[in-house]
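Trainee: Quick one: the structure is below, and I'll ask about it shortly.
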Amino acid sequence: MSAVPSHTPAQVSSRPIWRIATAIPGRRNAAVLSCIVLAGIFEGIGIATLLPLIAVIGDDGSKTNKISQLILHALDRVHLPHNPIVLLAIIGGGMLLKGALSLLALRQVGRAVADVGAGMRLGLIDALLKARWSYYVRQPVGRFAGALGDESSRAGDAYDAMTQLFSQLVQATIYLIIAAIASWQLALLSILVSLIMVGSLNRFLLVAKRNARTQNERLKSMLARLTDVLIGIKPMKAMSRQARFGVLFLEDLKVIKRAARRQVFARNTNRSLQEPILALCLTFGIFMALQVLHLQVGEVMVMSLLLAKTVSIVGKAQMELQNVYRSESGYWSVFDAIAEARAQRETAAGKRPPSFERDIEFRDVGFSFGERDIIRHAGFTLAAGEVIALTGPSGAGKTTLVDLLLGLHTPTSGNIFIDGVPLSDIDVIRWRGLTGYVPQELMLFNDSILMNVTLGEAQFSRDDVERALRQAGAWEFVAQLPEGMDSIAGERGTLLSGGQRQRIAVARALVHQPKLLILDEATSALDPVNEHLIVNNVCGLARERGLTVLAISHHQAWMSVADRVLKLKDGHLAVENSAARVRATG
């Protein structure tokens, strides 16, 4: 089973977390951040107004405080009285504006979080669909299933936590500014207490980060392995050997459980210790304000509130940073998967539109995997409307030859010509649109037969599907199903027999009326009756409509009807006469 490729812990830890905010366009980020800053400012004004309110009500000398002087002077400039009602209105108005702006920011954040998850899913799907074939064969399926599910959701959570972290830092900065205006000693004390809290709890933050990363990596590995197991579960159960896979998952589950336990402990410890640390620091701060700085009681009350708010906000910021660390591994995992798939994007070097009216020619074509030669100096011509059978021992490179024809691989020597035009000059994406392909290993989806034939393309009508099903010899059994072509095929087509699945796959390849039909061992698993049914239907299309057929097969059913038989052995092609050609020449 494939291991899941991933970034190393050093790579993860070296990435600045602020880059997570770039998952959303700058304009929306600017709107969110503006609302957060303004909300913090209005809340700060409301809290700061408590000082002149106490001074006006108690007349205890607090009017000498810088903040009180600034606010009372501002009231004088707009010709408002030093009235408790006016000051209360300022406090209430500041809090109301703060609440309104916070709600507006949260609304934008909610949309942004949803957009991050959806955007990363769409980005990954788009990158995967456009990647070259050689990339897919090296990737475990479960890796992308996890990226589209939980990891994309946690990417949105990481953005949400980043936004909340910024909000807390903005509020803490505003409180520190107000504290500095009121008393530089108070600002210094607030900074000192905040540093004590951060330093005391930072260890738990790192523990949570490390264990969150461990969980993510192990979950990816386990999901990839589980996907492989479920795909091949039938033979395992048939031999009663499925129990061994439980052992494979046991170690991963132990590590995940241990990491989860440590992460939860670190997170809860961080939260639990914040209040005792805050209480001790607040007690010390009040003592300093009253006994050392000899401040007025009213000032001490407001400054204690500022100190408490500042330190509390710093604690909340630390909790949000912990949430970022908990979720960032999901973000970077999807980010890396998208970047990796985009780097493997298939580019159509050729621009010429394809046409297939005359022939396909392999001219001295060679292909190698590393140092191993798969195809050597292959040369043959496939005329339009011809039926060719391609045979040879297992592993000889027959499927590779087809992959070269489809442009999924590029020849290491020689070239392929379509109607005299090199395939390298042709738009290979459009060229594949002229072909129908039926592999040996079929993949039917747990959806209707209609959807399995059309693959969701709206351009095909029900009449088109019926035509393709008739051409594939499948209409008779489909029409007898309770819901006809709307019947569900089952997971991987398990509600249908092998022969029925094969004919549905042929109908899928024929629905867009291709000019070239490629059958890669497509009938090898069928009984002789079903195989002859498909062979006769396909050959009938070739004779009546000029469909060109290339069938990879070892079976006599194809040898007897093919115009020519190509034999691939040790990388070399040889042309053999078929029974059909012998009859025609005789």
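The numbers here are math on the coordinates, done by the rules we state, and not lab data. Since we're looking at a predicted model, the values are computed, not measured. So basically every Cβ, Gly included, is an ideal-geometry build from the backbone, and we count neighbours across all protein chains shown.
Trainee: Between L280 and I181, what is the FRET efficiency for a Förster distance of 30 Å, r being their Cβ-Cβ separation, to the nearest 0.05?
Mentor: Efficiency computed from Cβ-Cβ geometry: 0.70.
Trainee: Could you check the simple spin-label distance between D447 and D359, using points 7 Å along Cα→Cβ, in nm with one decimal?
Mentor: According to this spin-label approximation, the distance is 4.0 nm.
Trainee: Any chance you could run the full-extension gain for V198 through A479? It's 0.36 nm times the residue separation minus the Cα-Cα distance, nm to one decimal. The partial results should precede the final answer.
Mentor: Numbers: separation 281, 0.36 × 281 = 101.16 nm, distance 7.06 nm.
Contour length minus the Cα-Cα distance gives 94.1 nm.
Trainee: Amide H to amide H under 5 Å from V387: which residues, 5+ apart in sequence or cross-chain, H placed 1.01 Å off N in plane?
Mentor: Here V549, D563, R564 satisfy the definition.
Trainee: I'd like to know how segment 359-585 sits against the 2.2 N^0.38 Å rule of thumb: what's its Cα Rg over that expected value?
Mentor: Cα-based Rg divided by the globular estimate yields 1.02.
Trainee: M95 to A118: extension gain in nm, 0.36 nm per residue of separation minus the Cα-Cα distance?
Mentor: 4.9 nm
Trainee: Cross-link list K130/K398; K515/K567; K209/K254; K257/K309; K130/K254: which exceed 28 angstrom alpha carbon to alpha carbon?
Mentor: Distance filter (> 28 Å) returns K257/K309; K130/K254.
Trainee: Could you list the GluC sites (Glu not before Pro) in segment 458-558 that lie in coil according to DSSP, counting only those with at most 11 other Cβ atoms within 10 Å of their Cβ?
Mentor: The qualifying sites are E483.
Trainee: For segment 316-418, state which GluC sites (Glu not before Pro) are in a DSSP loop and have at most 10 other beta carbons lying within 10 Å of their beta carbon.
Mentor: Filter output for segment 316-418: E357, E371.
Trainee: Given the Cα-Cα distance of F369 and R132 and 0.36 nm per residue of separation, how much length would full extension add, in nm?
Mentor: 83.7 nm
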